[in-house]
Amino acid sequence: MINFLFVGNNHRQIIKYFLKYLLHLQHVEIRNTIAKLMKFDQLSEILKITNERLYSNAIKAVNINLTLRNWIFGFYIVEFEQNGEERAVYGRKLLQNLADTLKIKGLSAPELSRCRQFYQTYPKILRTLPQEFKSLLPV
């Protein structure tokens, strides 16, 4: 229901309110049309396509973040090994000790070794890191 009770002669306000009302009617009409015309097969197909696209985007985002995490882990491990005074104490057991201490699912000593190798293979990724991730590094 439209309420035309306005104080003064503010025509812009009346037009703005009226346009909002028309948009609301249009939205309701579109929803009603979809509900009347759409068949179950169409609904299920739309939902499948929506899921595939959004799920795919989510997987890509997770993959990007895990890749960055692994590179940053490699960075810290290499820096610790090359500059840390405790290197002699930990020796070859560094990665196993880290894996045991961190207890991160899927991040065993061999995986930490791959993180280190990843960093050593691609040390210049730092230049391409988004600013939000650069804050995780002391560089």
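The values are calculated or read from the model by the stated rules, or taken from the named source; none is laboratory data. What you are looking at is a predicted structure, and each value in this text was computed from that prediction instead of being measured. Here Cβ is always computed from backbone atoms with ideal geometry, including for glycine, and neighbour counts include all displayed protein chains.
The single condition among (1) of a type in the set (Val, Ile, Thr); (2) assigned to a helix (DSSP H, G or I); (3) at pLDDT 85 or above that Ile104 does not meet is (2).
Conditions tested, residue by residue: (1) modelled with pLDDT under 70; (2) out of contact with any Pro (no Cβ under 6 Å at 6 or more places or on another chain); (3) closer than 30 Å to Pro138 by Cα; (4) surrounded by 11 or more Cβ atoms within 10 Å (Cβ to Cβ).
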{"site": "Arg12", "(1), (2), (3), (4)": "yes, yes, no, no"}
{"site": "Leu25", "(1), (2), (3), (4)": "yes, yes, no, no"}
{"site": "Ala35", "(1), (2), (3), (4)": "yes, yes, no, no"}
{"site": "Glu45", "(1), (2), (3), (4)": "no, yes, no, yes"}
{"site": "Glu52", "(1), (2), (3), (4)": "no, yes, no, no"}
{"site": "Val62", "(1), (2), (3), (4)": "no, yes, yes, no"}
{"site": "Arg87", "(1), (2), (3), (4)": "yes, yes, yes, yes"}
{"site": "Arg92", "(1), (2), (3), (4)": "yes, yes, yes, no"}
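Of all residues in region 96-116, those satisfying the criterion of being among the aliphatic types (A, V, I, L, M), under 25 Å from the mean Cα position of the chain (by Cα) and surrounded by 13 or more Cβ atoms within 10 Å (Cβ to Cβ) are Ile104, Leu107, Leu112.
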